[in-house]
Amino acid sequence: MVSNALGSPTLHMKAEMAVALTGITKRFGAFVANNAIDLAVRRGEIHAIIGENGAGKTTLMNILFGLLQPDEGSIRLNGEETVVTDPAVAIKAGLGMVHQHFKLVPSLSVADNVFLGMEIRRHGLIDHAAQIARTRELSKRFGLQVDPTERVGLLSVGIEQRIEILKVLVRGARTIILDEPTAVLTPQESRELFQTLRSFVAEGMTVIFISHHLEEVMEVSDTVTVLRNGKKVATRPTAELSKDELVRMMVGREVSFDRRPRAPSRGDVVLQVEDLWARDDRRLPALRNVSFTVRSGEVVGIAGVAGNGQTELAEVLSGLRPASHGAARLKGQNLAALSPREIREAGLAHVPGDRMVRGVDRNASIAANMLMGRQHRAPWSSSGVLNWTAISENASRLIKDFDIRAQGPGDAVKRLSGGNIQKVVLAREFTNGADFLLIDQPTRGVDIGAQEAIHDEIMRQRAAGRAILLISVQLDELAALADRILVMFNGRIMGEVAGDGADEDRIGMMMAGVAAPERAAEPA
Amino acid sequence: MIRDRLREVSGQIIAIAVALILGAIIILLVGESPVRVLMTLLRGAFGDQEKIAGTLLQTTPILICGVAACIGLRGGMFNVGIEGQLFLGGFAAAWVGFAFALPPGIHMLAALALAVVAGAAWVAIPAYFRARYNTNEVVSTILSNYVAVLLTSYFTIFLFKRPGGWSETPPILATAYLPELFSFSRLNWGLVIGLVLALGAALIFRYTSWGYGVTMVGSAPKFAEYGGVNVKRQGFVVLLLSGAVGGLAGGIETLGVHHRFMEGFAPGFGFDGLIAALLANGSPVATIFTALFFGALRSGSLLLEVDTSASREIITVIQALIILSVSAQVLVKRRGDSQAGERRWKF
Ligand SMILES: Nc1ncnc2c1ncn2[C@@H]1O[C@H](COP(=O)(O)OP(=O)(O)OP(=O)(O)O)[C@@H](O)[C@H]1O
Ligand SMILES: [Mg+2]
């Protein structure tokens, strides 16, 4: 690492710069997404790109990878001036990109996905054995643990990402671009990913990655480039910077993630979960004997490594998955007897963890997305007829209140940056007057300025007497917001800790499945 | 947004253009002049008021079947069984028409009502299996076509055959006729019904809570489910409605054009309607125009064999080419869009 930061010996390399962008400008209509950006990435370094939601990071990387054409500027790859007309050109020049939202073919195996479009053939047929062997070899070499024979549809996002990285590797990439790779990962998975990235640079490869997590940027990168409002603010060696400086360059002010002050409150029980069991998509037990309550005016956090039943818990509570045993009651009503719509009417708002699939229709407008779940209610409709004027006005108001960077309510959601899409979901769910908020990974992919705003909003909802169940893989988020933290492991609740002064070691042990001895149990 | 629209429409236009160019090449290969064929087609379709009425007469069932397909597509359901629903609707209307004596007007409405019920009932089986067991509705509705065509043939030949004469039912009573629009053509109120259906469907999808839910089921089913829309039920309802409109198309053919049911009653209208709907990207209003296009091809081709040495089948070839280029167009659509690029890269 150190040698890289100080400029590693690249004597016999053709060019020192793996990538050099000069004066890149990209406009979408009148909007300037990238404004005369220069970016130089040295060979063999890990180069982080940071900036607020909508700063233009993804756009810049899409231009580099040939998915978008710049209006102005030029690109040099390995020292050679290149017009990247499409990704094929970029791939040929040794570039590979892992996108913010990935798409794999769920019905195919891992190896088949990795080699899709460039299958290894023997006698004209796909040589599955060779593909599996090659996938296995690569995954071992770079610490990307996957089973090449498994079907992708059954795997977690963390593993899907490894597959995307493998895809890039088999295509011969020497410079790898990752767009917010850690947004979907658990802290543990992120650490593994960083190991992989380090093994890339150890082999002389180059990594460009986008992130909103400044700690990771500090930990893993050699150089940082900060973008703001489509312009480059600075490129600096990471070693010269502190986290606070980064924040200031990004947002232009201080941002606080300390524990939020709160008035003690002890409301009525809104959600009561008793001995709940459920199965996952593979019909294996995903929830076992889960019991807890959430009272109005409190934030109950669920901590745990992703894939330990949190998704299934959220789905059961929102009526999207049947419970196999036990009961969950929302204000006394048994959820098992209600449809998803009735549960919403009974007082649920739900920020889903998988925002692109569950949270929005990417092709629809912001206004249409903000209508979901309330299309049968006044003032959005009366006797079954929609009032698009009211819907649009409401959407415009929410765009303003939640600081969503968009041109207007008619904008298609897919035009928004990742973080702004999340804000669309939050704006819709936080304003539908529900008593119970089920919030799954609220700040995934959201920039730190917006993270702070979302945390403020969650605290406002708490103050307004909402009962809040907050599922997050980020312990610091739970420590800042939750009144109590329940730790899940393998479908069970391993224990509970107070949110105030949350003991990270103890939580960590429980997340790993070690039942920590109860210390000063909370009074019921 | 306007740019997106333009880009989408331009895709459809390119698809048609590619098909026409390939068609022209084939016409050259069979030794005819494409220009002459085109002029003949145009003359056959729009040459005088009778020809125009003839085109509209062909357009009517394609339009109604197209609306039926649009309704399904909106909710993410591919109803490929419209042909069969049309046949059953056509037979049901004929049966009411010849087997009962009712007052004028009421007789016609009763016949159309039964056609609607027959179409819906026929698709109910695939729709039920789809909702209950997640059976692929494309396969089951395609298969239901064969059964429908043969079943109505059986009814016509063995149960209700007109004594002497062709394989057809007795004629319906005049009380069940769908009134004609002009004296010089069999063009009838069916066209008006079709236009009203297309506009009505567009309005319902855009301006009702129900239509919003259905649209979301079609474009983002997991999102719809999350938002409280009953995805399975709406899929079922949408298929049923689609089948009902398909049945209505058959009833209108019977009551407005043939005044009886016969074997080979309305060949291909169901499939043409589906293609028209696909070419219109599932928009009922745009389907009015694509249906007109196919209607014109059909009626123009009547003159083709008379005036040129090209066979009428050339029209079928052109249609097939359009289907191919429309499907190919999905792959090249929105090339400049980064998301589409993402997809391109990933698949
Ligand atoms: N195809 C497009 N048409 C119009 N505007 C677009 C398009 N793509 C991106 N934008 C706009 O450009 C801006 C930059 O988007 P970009 O996706 O690059 O942001 P980002 O820095 O990656 O943000 P995030 O951290 O939220 O992912 C956003 O305001 C977005 O709305
Ligand atoms: Mg982005």
Quiz item: Among B:Leu159, B:Leu187, B:Leu114, which one moves the most in a GNM of chain B with springs linking Cα atoms closer than 10 Å?
Solution: B:Leu159
Quiz item: By how many degrees, between 0 and 90 and to the nearest 10, does the Cα long axis of helix A:128-141 differ from the longest principal axis of chain A?
Solution: 90
Quiz prompt | Two-site FRET efficiency, B:Ile52 against A:Glu342, from Cβ-Cβ distance with R₀ of 60 Å, rounded to 0.05 | solution = 0.65
Practice problem: Summarise the partner chain shielding of A:366-375 as one whole number: the mean count of Cβ atoms from other chains within 10 Å of each residue's Cβ. | Solution: 4
Quiz prompt | Euclidean distance of C-alpha centroids, the range A:317-357 and the range B:52-122, integer Å | solution = 41
Self-check item: Residues in the range B:53-97 reached by a label modelled at B:Leu42 [backbone nitrogen below 19 Å; 7 Å Cα→Cβ]
Solution: B:53-56
Quiz item: Do any residues of the range A:323-344 lose at least 40 Å² of accessible area when the full set of protein chains is present rather than just their chain alone, and if so which, with a 1.4 Å probe?
Solution: A:Arg344
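With solvent modelled as a 1.4 Å probe, how much accessible area in total do chains A and B shield from it at their shared surface, in Å² to the nearest 100? Intermediate results must be reported in sequence, preceding the final value.
Details: alone 22890 and 17130 Å², together 36620 Å².
Approximately 3400 Å², summed over both chains.
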Quiz item: In whole angstrom, and with the biggest value first, how far do the Cα coordinates of the range B:225-285 range along each principal axis?
Solution: 48, 23, 19
Exercise. May I ask you to list the residues of the range B:201-218 whose amide nitrogen lies under 16 Å from a point 7 Å from Cα along the Cα→beta-carbon direction of A:Ala390?
Key: B:207-210, B:212
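How many Cβ atoms of partner chains, on average, are near each residue of B:223-235 if near means within 10 Å of its Cβ? Let's see the in-between values first.
On the way: counts 12, 4, 6, 15, 14, 16, 7, 3, 1, 0, 1, 0, 0.
That average works out to 6.
Which FRET efficiency value, to the nearest 0.05, do you get for A:Asp244 and A:Ser156 by plugging their Cβ-Cβ distance into 1/(1 + (r/R0)^6) with R0 = 30 Å?
On the way: r = 34 Å, r/R0 = 1.14.
Here the calculated transfer efficiency is 0.30.
Expressed in nm², what is the orientationally averaged projection area of the convex hull enclosing the Cα positions of the protein assembly as shown?
Convex hull of Cα atoms, orientation-averaged projection: 42.4 nm².
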Practice problem: Take the range B:170-283, compute every pairwise Cα distance, and split them into 5 Å bins from 0; I just need the percent in each bin. | Solution: 2, 10, 15, 20, 17, 13, 9, 7, 4, 2, 0, 0
Quiz item: Using a simple charge model, +1 on the beta-carbon of Lys and Arg, -1 on the beta-carbon of Asp and Glu, nothing else, what dipole does chain A show about its Cα centre, in debye to the nearest 20?
Solution: 1020
Quiz item: GNM on chain B, C-alpha springs below 10 Å: top fluctuator among B:Ser183, B:Ser283, B:Ser167?
Solution: B:Ser183
Self-check item: Within the range A:63-79: backbone nitrogen closer than 16 Å to the A:Val32 label point (7 Å, Cα to C-beta)
Solution: A:70-74
Exercise. Using Cα positions and a limit of under 21 Å, work out the lysines in reach of A:Lys423, with same-chain residues fewer than 8 apart set aside.
Key: A:Lys57, A:Lys400, A:Lys414, B:Lys222
Quiz item: With θ set to phi - 60° and the Karplus curve 6.51 cos²θ - 1.76 cosθ + 1.60, what are the ³J(HN,Hα) couplings of the range A:506-513 in order, to the nearest whole Hz, using x for Gly and Pro?
Solution: 5, 4, x, 4, 5, 4, 8, x
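Return one whole number: the accessible area per residue of the range B:2-344 in Å², for a 1.4 Å probe. Working shown, then result.
On the way: 15050 Å² over 343 residues.
I get 44 Å² per residue for the range B:2-344.
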Quiz item: Simple spin-label model, 7 Å along Cα-to-Cβ: B:Ile157 to B:Glu263 in nm?
Solution: 0.5
Practice problem: Using R₀ = 22 Å, calculate the FRET efficiency as 1/(1 + (r/R₀)^6) where r is the Cβ-Cβ separation of B:Leu195 and B:Leu324; round to 0.05. | Solution: 0.15
Quiz item: Relative to the longest principal axis of chain A, what angle (0 to 90°, nearest 10) does the C-alpha long axis of helix A:187-202 take?
Solution: 0
Practice problem: Please report, as a whole percent, how much of the solvent-accessible surface of the protein assembly as shown comes from carbon and sulfur atoms (probe radius 1.4 Å). | Solution: 59
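Skip the ligands, DNA and RNA, and give the accessible area per residue of chain A with a 1.4 Å probe, whole Å².
Details: 21280 Å² over 524 residues.
Per-residue value: 41 Å².
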Quiz item: What is the P(r) of the range B:2-344, as percent of Cα-Cα pairs per 10 Å bin from 0?
Solution: 6, 24, 32, 25, 11, 2, 0
Quiz item: What is the set of long-range amide H partners of A:Ala234 at a cut-off below 5 Å, with H atoms built 1.01 Å from backbone N?
Solution: A:Val226
Quiz item: Which value, in Å² and to the nearest 10, is the accessible area of A:Met118 when all protein chains are kept and the probe is 1.4 Å?
Solution: 70
Quiz item: Across the residues of A:469-479, average count of Cβ atoms on other protein chains within 10 Å?
Solution: 0
Quiz item: Which value, in Å² rounded to 10, gives the accessible area of A:Asp447 with a 1.4 Å probe and all protein chains present?
Solution: 10
Quiz item: Under the rule of -39500 (n - 2.57) per DSSP H run of 4 or more residues, summed and divided by the residues of chain A, what mean residue ellipticity at 222 nm is obtained, to the nearest 500 deg cm²/dmol?
Solution: -9000 deg cm²/dmol
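The values are calculated or read from the model by the stated rules, or taken from the named source; none is laboratory data. Since this is a predicted model, take the numbers as computed values, not measurements. Neighbour counts run over all protein chains shown; Cβ positions are idealised from the backbone, glycine included. Keep in mind that these areas ignore ligands, DNA and RNA; they rest on the heavy atoms of the full protein, side chains included. Shrake-Rupley method; radii C 1.70, N 1.55, O 1.52, S 1.80 Å.
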